[in-house]
Structures are given as C-alpha cells and as structure tokens.
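As structure tokens, the structure follows; a few thoughts come after it.
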Amino acid sequence: MGKPKKGPKKLLGVTPILEGGKQCFKAFYKKADGSLVELGTVVKAAEASRAADLATLACGRKGPLNAVKGCYLQKDIDKQKERLRQLGVLSREPKQSAA
C-alpha cells in the first residue's frame, strides 16, 4: 500500500464560495480579537491567499502565512496597509510635523 494522497492545502484566510454559479474565493484577515475582516472576493485562490498574507504582514502580526514572507514586496504590504486603514482595521498614523 502506498501513502494516502494528500488533499489540497488549506489556505489561511481563504474561503471558497459560489458566486453567480462560478467558484470564487473570499479573502479574510483574522484580527487579534478573533473577528474577521473581509478583504474581497476574487477568482483565484492564489489571489485571495496573497491578500490574506499581505493583510497579516501589514498589521505587523507574526503568524503563519500561505507563502514565504520574503516573496512579498514592501510596496505591496504598504498598499494593503492603506487599504486596511480605509476599512477601519488600522488607525491612521498621525502626520509628522516638520521640525
């Protein structure tokens, strides 16, 4: 007997859904208090897992990711950080005054 086949890897922050009869994926970010923030619905699981990972990194949380941390660019993390501010997940940083 061979090894049992492994199913697809469970992606963190990703939930498959049916939308308009087609399979899509919702991306979520799990806040420290356990509540979920919906990041959007996309066609590819890889896009949803990327959004979830970027949200985790943008919030400065250490924890499991779907991909290796080093594969994400800082500019993409910063974009997600701004998006999370717009969603009210992160507070706006106070403007620094010129000295």
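The values are calculated or read from the model by the stated rules, or taken from the named source; none is laboratory data. Just so it is clear, the model here is predicted, and its values are computed rather than measured. FYI the Cβ positions are ideal-geometry reconstructions off the backbone, even for glycines, and counts take in every protein chain you see. Surface areas here come from the heavy atoms of the whole protein model, side chains and all, with no ligands, DNA or RNA. Shrake-Rupley method; radii C 1.70, N 1.55, O 1.52, S 1.80 Å.
Numbers below:
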read-out	value
Enumeration of residues in the range 24-45 that are out of contact with any Asp or Glu (no Cβ under 9 Å at 6 or more places or on another chain), surrounded by 12 or more Cβ atoms within 10 Å (Cβ to Cβ) and more than 22 Å from Lys69 (Cα to Cα)	Cys24, Val43
Only one of Ala58, Ala67, Ala52 that is touching a strand residue (DSSP E or B) at 6+ places or on another chain (Cβ under 6 Å) and either open to solvent by 80 Å² or more (accessible area, probe 1.4 Å) or at negative phi (or both)	Ala52
Filtered residues of the range 47-85 (kept if of a type in the set (Lys, Arg) and part of a helix (DSSP H, G or I))	Arg50, Lys69, Lys75, Lys79, Lys81, Arg83, Arg85
